[in-house]
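The values are calculated or read from the model by the stated rules, or taken from the named source; none is laboratory data. Only a predicted model underlies this, so the values are computations on that prediction, with no experimental measurement involved. Cβ placement follows ideal geometry from the backbone for every residue including glycine, while neighbour counts extend to all protein chains displayed. Surface areas here come from the heavy atoms of the whole protein model, side chains and all, with no ligands, DNA or RNA. Shrake-Rupley method; radii C 1.70, N 1.55, O 1.52, S 1.80 Å.
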Amino acid sequence: MNRFWKLLHMEVSRFWKLYITLFAMTLLMQGGGILYVCNRYMQTVKDKMGPAASTYAQYAEEHGVVTFSDILSEAQLYFLAPIALCIGGMGLYVFLIWYREWMGKNMFIYRLLMLPTERRHLYVAKLSAILLFVIGLVAFQLLILPLESALFTSVIDQALRGSTESVTSIIQNHAFLQILVPRTFTEFVMYYGGGALFVIVMFTAILLERSYRLKGIAAGVIYVGAAVLLMIAPMLIMNRDMNDYLYPNEIFIIELTIAILIGMMSLAISFFLMNKKLSV
Amino acid sequence: MKRYWFSILLVVFILGSIGTYYVTAASRSYPDFKLLTVSGDDNEAKSLVLEGTIKGYGSLDVSSKGSEYEQEESYFEQFSISKRYSYNQEMVQLFKEHRGFMRAKRSTNSIYEDEKTLAYASFNSGYVDRQSKLDVSTLDLKTKSEQSFTAAVPNHEQYNYAYVIDVQLDGQLLYIFSTNYKKNDNEERIAGNLEIHKYTVDLNAKSISKDEVLFADTKQDNGEMVTYSLESSMPSKAPNDVLVYRKQTEKLVKDKDGNEMTETSKSELFTLNWRTGQTTAVSSFESNGSGEWVGVTADAIIWTAQQGTSARVTNYDLKTREVKSFDIAVPSVSSSMVSGDRLYVLSKEGDSAKVVIADLKQGKVVYTGKIDINEQGEDRTKLLTNLAIFNLYVKK
């Protein structure tokens, strides 16, 4: 177990510079975007009010107030672009976390495979690292959302602001954030568990490629396709417009069982490949 | 340990941030609306549920016990079919009692039930090429034997789409009343292409033995259109000899922007005894815009009409053709519903929400209540004004 923690720390420390860059980029783009949109809004208000000596309160009465959620949807590009970049980056790193070991003249995989520990520790460390990074990014978004809201409060005059929203209602009323941070913790575990399953399946495909090279690519693609097909099999078999043959709780239990089976099978194949087939 | 600070910090940070968020979200408090009795028997409103939404908090159910918010529900509750169909207790009951038979059966109008038989008939929907089939299933409630078959629909190529409004059974003959949309090439208005059909299904022969067009939209010489619609009754599964339909005369008019719209010049109500084919006009029904349609039950038609500070409830007996009416003191009728022999009316005006329950047999009010919240001053007014109720149902 001690070995696992050390390997996990190694993965984290190899990625931390890039990771901090993702944090910084998100903070700058979202903060900058919200600041820009808030200032633009204040400018529009001032322009519309003109030289006449009317107050913000009067303006709010005529044109309505603005909330942080309104600004968020106005600044959508600045807000969602860094999230998309983080998702893309993490998607790419699912592959890089393996392939970087084979890069360079002195391949690092030599040393890793020689370590006096079970090889599956290596696998689990990589999987945990990816999950940690992804959830870390979500945690960072949760941290900076109140800060961005404070930015909104400081730029927009009190009289122009609508009622204050809690972080929960900002997230649950946002079309995309409510997927990243679902309503209940159970859903959070379900969603990110689904993400972990996806990573496990991708890792299996990568290990197939590393073990059998060209033939492995074909095997990997077939494996991913088979996993997807298995997941949607209940819908395909029912072949109904509304998927209403099974009751909702039955569909949930069946899908959960299939997901667990795919996960266990993928882990078994991956551990087998790592122990018996993986070579430098 | 010093070497690992970044990893440790990352894990602590994740636990702190996500943990704080979900603890805060779980401890969020929601406004607790409640249905309070003003006069009458508390028990009348015990199972009444008012479904609505409130800005900032999402959808909720208000009852005499308090409020339940969808956002407070656990993740797994969304997989419960009785929760999903809570607005339709008739279906919830059937899902509970006949779980196997009710698979893939989700339309209330398609159900028929008497002491001996439970029947279901619906058209395959969604794809044009599959619409030509009618799925029929029956369950013998005594022997529990199930029969199901698919029957070809006569002249199906003439129709784009069809759906079932009511199903009735007589011995081995199942009658299906449906609205069919005729195919049209010239993109004409849909309203002019409706037909009300009566299909007779022979359960022994497992096929449709007769297809009758009861009513069809017609265009008159003066440009007016006569359209027909069948009203579904509540509870829709109940055996019923008399069906209620509406005949509307419509005219195409142009508004000031030149857009075409239909204007109803006449709306009449009729009853149809499907066994004898006899139709009778419900002469006492006048649709003058100020009234609200409540619905058809197995033995009556009920509607309301606002008259100043009270609403006049009219109860038209389908068998005796007797008309009874009585007044309930509400400034408006926002929602109404009939369950058993009780009429439920919600009147929502600004921050006041009044609930009235009336006994239709005796023609008198048995309960008056209001939605209230344990808040004071501006908050109270704001919350009550923002509350929107869109449906009422009685929980079984």
Of (1) of a type outside the set (Phe, Trp, Tyr); (2) in a helix (DSSP H, G or I); (3) in the same structural domain as A:HIS63 (by TED's automatic domain parsing), A:GLU165 fails just (2)
All-but-one check, B:GLY350 against (1) modelled with pLDDT under 90; (2) more than 30 Å from B:LYS395 (Cβ to Cβ), failing number (2)
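Output the strands (runs of 3 or more DSSP E) that fall wholly within segment B:64-164 and possess 2 or more residues being more than 30 Å from B:SER39 (Cα to Cα), or say none.
Details: elements: B:66-69, B:111-113, B:117-123, B:133-140, B:146-152.
Ranges flagged: B:111-113, B:117-123, B:133-140, B:146-152.
Take the residues in segment B:55-81 that are under 23 Å from the mean Cα position of the chain (by Cα) and within 24 Å of B:ILE357 (Cα to Cα), then tell me which one is most open to solvent (accessible area, probe 1.4 Å).
If we take residues in segment B:55-81 being under 23 Å from the mean Cα position of the chain (by Cα) and within 24 Å of B:ILE357 (Cα to Cα), then B:GLU68 is most open to solvent (accessible area, probe 1.4 Å).
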Restricting attention to segment B:236-256, the residues that are in contact with a Ser or Thr (Cβ under 8 Å, 6 or more places away or on another chain) and either open to solvent by less than 60 Å² (accessible area, probe 1.4 Å) or not basic (Lys, Arg) (or both) number exactly 14
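Is it true that A:THR153 is part of a loop (DSSP other than H, G, I, E, B), of a type in the set (Ser, Thr, Tyr) and surrounded by fewer than 18 Cβ atoms within 10 Å (Cβ to Cβ)? Please lay out each step first, then the result.
Details: part of a loop (DSSP other than H, G, I, E, B): no; of a type in the set (Ser, Thr, Tyr): yes; surrounded by fewer than 18 Cβ atoms within 10 Å (Cβ to Cβ): yes.
No, not satisfied.
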Some residue of segment A:188-211 being open to solvent by 60 Å² or more (accessible area, probe 1.4 Å) and among the basic types (Lys, Arg):
no
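Take the residues of segment B:196-225 that are part of a strand (DSSP E or B) and modelled with pLDDT under 90: which is surrounded by the most Cβ atoms within 10 Å (Cβ to Cβ)?
Step one: list which residues in segment B:196-225 are part of a strand (DSSP E or B), which gives B:196-202, B:207-216, B:218-219, B:225.
Right, trim to modelled with pLDDT under 90 and you get B:218-219, B:225.
Numbers: B:THR218: 11, B:LYS219: 11, B:MET225: 18.
Out of the qualifying residues, it is B:MET225.
Yes or no: A:TYR247 hydroxyl-bearing (Ser, Thr, Tyr), closer than 30 Å to B:ASN124 by Cα and buried (at least 17 other Cβ atoms within 10 Å of the Cβ)? Lay out the reasoning, then the answer.
Details: hydroxyl-bearing (Ser, Thr, Tyr): yes; closer than 30 Å to B:ASN124 by Cα: yes; buried (at least 17 other Cβ atoms within 10 Å of the Cβ): yes.
When the stated conditions are applied, A:TYR247 passes them.
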- Message: Given the criteria under 20 Å from A:PRO248 (Cβ atoms) and either in contact with a Leu (Cβ under 9 Å, 6 or more places away or on another chain) or more than 14 Å from chain A (Cβ to nearest Cβ) (or both), does B:GLU77 qualify?
- Response: no
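Quick check on A:LEU28: is it over 30 Å from A:ALA125 (Cβ atoms), in the same structural domain as A:ARG120 (by TED's automatic domain parsing) and in contact with an Asp or Glu (Cβ under 9 Å, 6 or more places away or on another chain)? Working first, answer last.
Numbers: over 30 Å from A:ALA125 (Cβ atoms): yes; in the same structural domain as A:ARG120 (by TED's automatic domain parsing): yes; in contact with an Asp or Glu (Cβ under 9 Å, 6 or more places away or on another chain): no.
No; evaluated as a whole, the condition is false for this residue.
Just give me the residues in segment A:111-149 being of a type in the set (A, V, I, L, M, F, W, C) and over 24 Å from B:VAL12 (Cα atoms), in sequence order.
A:LEU112, A:LEU113, A:MET114, A:LEU115
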**Report entry** B:ALA45 being under 30 Å from A:GLU250 (Cβ atoms) and either among the aliphatic types (A, V, I, L, M) or open to solvent by less than 50 Å² (accessible area, probe 1.4 Å) (or both)
**Finding:** no
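So in segment A:170-187, with the set limited to residues that are touching a residue at least 60 places away in the same chain (Cβ under 8 Å) and within 12 Å of the chain's Cα centre (by Cα), which one is most open to solvent (accessible area, probe 1.4 Å)?
A:PHE176
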Taking first residues from segment B:19-35 that are closer than 20 Å to B:GLU378 by Cα and free of Cβ contacts under 8 Å to residues at least 60 places away in the same chain and second residues anywhere that are hydroxyl-bearing (Ser, Thr, Tyr) and not in a loop (DSSP other than H, G, I, E, B), the pairs with Cβ under 8 Å that are 6 or more apart or on different chains are B:TYR30/B:SER67; B:TYR30/B:TYR69
**Prompt:** Is segment A:110-126 home to any residue that is open to solvent by 40 Å² or more (accessible area, probe 1.4 Å) and at the interface with chain B (Cβ under 10 Å from one of its Cβ atoms)?
**Reply:** no
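To keep it simple, each residue is scored yes or no on (1) out of contact with any Leu (no Cβ under 7 Å at 6 or more places or on another chain); (2) at pLDDT 95 or above; (3) at the interface with another protein chain (Cβ under 7 Å from one of its Cβ atoms).
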residue: A:GLY136; (1), (2), (3): no, yes, yes
residue: A:LEU143; (1), (2), (3): yes, yes, yes
residue: A:SER163; (1), (2), (3): yes, no, no
residue: A:HIS174; (1), (2), (3): no, no, no
residue: A:LEU180; (1), (2), (3): yes, yes, no
Sole miss for B:VAL38 among (1) farther than 21 Å from B:VAL167 by Cβ; (2) touching a residue at least 24 places away in the same chain (Cβ under 8 Å); (3) open to solvent by less than 70 Å² (accessible area, probe 1.4 Å) is condition (3)
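If you take the residues of segment A:11-63 that are β-branched (Val, Ile, Thr) and touching a Leu at 6+ places or on another chain (Cβ under 8 Å), which of them is nearest to the other protein chains (Cβ to nearest Cβ)?
Residues of segment A:11-63 β-branched (Val, Ile, Thr): A:12, A:20-21, A:26, A:34, A:37, A:44-45, A:55.
Among the residues that remain, those that are also touching a Leu at 6+ places or on another chain (Cβ under 8 Å) are: A:12, A:26, A:34, A:45.
On the way: A:VAL12: 5, A:THR26: 14, A:ILE34: 20, A:VAL45: 24 Å.
Among them, the one singled out is A:VAL12.
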Residue set A:MET235, A:MET202; condition over 30 Å from B:ALA104 (Cβ atoms), of a type in the set (A, V, I, L, M, F, W, C) and either within 24 Å of the chain's Cα centre (by Cα) or within 14 Å of chain B (Cβ to nearest Cβ) (or both); output residue A:MET202
Per the list (1) at pLDDT 95 or above; (2) open to solvent by less than 40 Å² (accessible area, probe 1.4 Å), residue check on A:ILE217 breaks on (2)
The one condition B:SER284 fails out of (1) modelled with pLDDT of 85 or more; (2) of a type in the set (Ser, Thr, Tyr); (3) not in a strand (DSSP E or B) is (1)
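One line per residue, one yes/no per condition, for (1) modelled with pLDDT of 95 or more; (2) open to solvent by less than 20 Å² (accessible area, probe 1.4 Å); (3) over 28 Å from A:VAL138 (Cβ atoms):
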position: A:ASN2; (1), (2), (3): no, no, yes
position: A:TRP5; (1), (2), (3): no, no, no
position: A:TRP16; (1), (2), (3): no, no, no
position: A:ALA24; (1), (2), (3): yes, no, no
position: A:MET49; (1), (2), (3): no, no, yes
position: A:ALA52; (1), (2), (3): no, no, yes
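Name the residue that is farthest from the other protein chains (Cβ to nearest Cβ), counting only residues in segment B:1-55 that are in a loop (DSSP other than H, G, I, E, B) and among the charged types (D, E, K, R). Spell out how you get there, then give the answer.
Taking segment B:1-55 as the starting set, the residues that turn out to be in a loop (DSSP other than H, G, I, E, B) are B:1, B:27-32, B:41, B:46-47, B:55.
Among the residues that remain, those that are also among the charged types (D, E, K, R) are: B:28, B:32, B:41, B:46, B:55.
On the way: B:ARG28: 6, B:ASP32: 18, B:ASP41: 37, B:LYS46: 28, B:LYS55: 10 Å.
Only one residue tops the list, namely B:ASP41.
List the strands (runs of 3 or more DSSP E) that sit entirely inside segment B:306-394 and contain at least 3 residues that are open to solvent by less than 70 Å² (accessible area, probe 1.4 Å) and of a type in the set (Gly, Ala, Ser). Lay out the reasoning, then the answer.
Values: elements: B:310-317, B:323-328, B:335-339, B:342-349, B:352-359, B:364-373, B:387-394.
The qualifying strands (runs of 3 or more DSSP E) are B:335-339, B:352-359.
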